[in-house]
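Worksheet for the structure shown next.
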Amino acid sequence: MSGSFAWETPIGFCSISILASCPPSRLLLACRFAVHFFSRLHRLAGPRPRGYNRLYYAMPDRTRVLCVFTAAYFLSFFFRSANAVIAPSLARDVALGARELGLMTSLFYAAFAAVQIPIGAALDRFGPRWVTPVLMLTAASGSLLFAGAHSFWILSAGRALMGAGMAGVLMGGLKAVSQWYPRERFAAASALLIGVGTLGALAATTPLAWLNAALGWRAVFLGGAAVVALSAASVAAWTRIGPPGAEARGAAGPDSAPGPATQVPAAPGLARVFGDTRFWRIALLNFFLTGTLLATQGLWGGPYLYDVVRLPKIAAGNVLLLLGAGLALGAFVVGWLANRFGLARVVVAAAALFAATQVMLAIRPQAGLLPGLFFSFGLTGAGNFMLLAHARLVFPLAMTGRAVTAVNLFGIGGAFLLQWWMGLIVGAFAADAAGHYPPQAYTAAFLFTAAGTLATLALYAPLARRSD
């Protein structure tokens with residue numbers, strides 16, 4: 001089927017060619033536009049709080065806080081998505097089968113999920129400036145370990161360290177946004193953070209396929225460790241807990257040191273979170289919505305294209321790039337739609353379309369339909385970001401860290417379990433002499449995730465009938 005597929009040209013090469021042929025004056029104009037765009041982000045914050053100190057407010061200001069966490073989330077998305085493109089190289093170099101590949105890759109999400117609850121309590125007590133960079137250094141060490149691994153167990157340890165290290169990036173960013181931005185603008189600001197950050201998934205497609213072919217996956221992860229360390233330093237240097245006068249929004253001050261003064265008891269807050277039925281409606285849908293999205297983007301989308309459609313690596317990377325593009329666009333669109341039509345209603349519509357896309361992939365469409373289907377998969381899967389915003393609106397600000405991380409625990413836990421379970425389902429079918437699994441294996445896997453998405457959507461749907 002790959003002979004009829006038109007997406008053989010590396011999109012990364014096309015982008016480089018365009019930049020190389022662009023006149024310097026236009027590149028300078030584009031850079032100025034980007035600077036102007038990010039300099040105007042402070043408008044999202046609305047009126048400044050009373051009694052703010054101009055020095056603390058402006059240096060570093062909320063725009064810089066948003067930008068450093070967006071850059072860190074870009075890296076988080078790159079690392080979680082990377083194995084989908086390099087899966088054949090990993091399987092060849094370290095002799096991994098489908099079960100081992102699925103388990104090793106899923107350990108990113110297992111470690112990510114395991115630390116969500118303590119991270120939530122730490123964010124509420126110490127703030128994202130102190131928690132996120134320390135964890136990111138753990139991710140950098142995991143990337144170094146992964147780069148030098150020659151066995152399944154060392155790969156698994158490195159992957160787990162990367163997951164634990166990146167676990168505080170999005171949650172820390174959302175905590176910072178909740179402190180710097182008013183409640184009515186939280187969804188828009190968080191959608192901007194997530195939308196730009198998810199572009200890291202694009203870097204983990206065709207560009208990564210090209211780097212893997214040119215340098216090898218070990219060199220990629222070696223360089224990635226250095227970039228993560230630099231990003232951690234930028235978060236520590238340019239983040240503050242919140243603008244002065246923002247105590248009503250849960251901030252302790254512009255440059256508060258961690259200590260008992262900012263401590264919020266963890267256990268009563270968690271009991272309140274887990275005792276609310278709305279939490280379970282949100283969290284269970286997040287299990288399948290986020291879990292299926294990340295399990296496919298982070299691993300099984302690549303083998304699906306290799307085994308079912310028999311696409312070459314660059315062509316498969318281009319299709320996965322479209323998935324990431326749809327996800328990035330969806331992250332912007334769902335925030336805007338939620339402000340117009342209601343957050344829960346948008347989630348219901350997105351989840352229903354997401355399940356329909358999974359069914360389409362399960363019935364093995366023609367190769368010409370795959371670019372649109374993978375783009376739709378990312379676009380509709382972006383509805384999971386609004387589930388985090390929904391948790392923010394359900395619980396008071398003082399509990400933001402624990403409420404959002406508890407919901408995220410189910411999403412990341414879903415990614416771990418579904419990525420593993422999909423590997424078990426695919427591995428239950430016999431591979432051919434070339435190592436390709438039959439299309440029926442992926443049909444069974446995607447029908448399973450589609451059924452789970454629809455079942456949990458039915459549980460969540462009553463929230464759409466209530467006032468958002």
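What follows is calculated from the coordinates using simple rules that are stated; it is not laboratory data. Note that the structure is a prediction, hence the values are computed from the model and not measured. So basically every Cβ, Gly included, is an ideal-geometry build from the backbone, and we count neighbours across all protein chains shown.
Peptides 117-128, 378-389, 303-314, 149-160 ranked from most to least packed by the mean count of surrounding Cβ atoms within 10 Å: 378-389, 117-128, 303-314, 149-160.
How long is the gain from Leu137 to Ala236 if the chain were fully straight, where each residue apart is worth 0.36 nm and the alpha carbon distance is subtracted? Display every interim value, and only then the final one.
Working: separation 99, 0.36 × 99 = 35.64 nm, distance 1.15 nm.
Computed gain between Leu137 and Ala236 is 34.5 nm.
Stretching the chain fully between Arg99 and Arg218 yields a gain of 40.7 nm (0.36 nm per residue, less the alpha carbon separation).
Taking only C-alpha pairs under 8 Å that are 6+ residues apart, what is the relative contact order of segment 357-468 in percent?
Working: 57 pairs, mean separation 36.5, N = 112.
Relative contact order of segment 357-468: 33 percent.
Phi-derived couplings, Karplus 6.51 cos²θ - 1.76 cosθ + 1.60 at θ = phi - 60°, listed residue by residue for segment 136-142: 5, 5, 5, 5, 4, 5, x Hz, with x used for Gly and Pro. Given +1 at the Cβ of Lys and Arg, -1 at the Cβ of Asp and Glu and no other charges, the dipole of segment 60-123 around its Cα centre is 100 debye to the nearest 20.
Extension gain Ala451-His436, at 0.36 nm per residue separation less the Cα-Cα distance, in nm? All intermediate terms of the calculation are to be shown ahead of the outcome.
Numbers: separation 15, 0.36 × 15 = 5.40 nm, distance 2.53 nm.
Full extension of this stretch gives 2.9 nm more.
Here the label points at Phe341 and Arg185, each 7 Å from Cα along the C-beta direction, are separated by 2.6 nm in the simple model.
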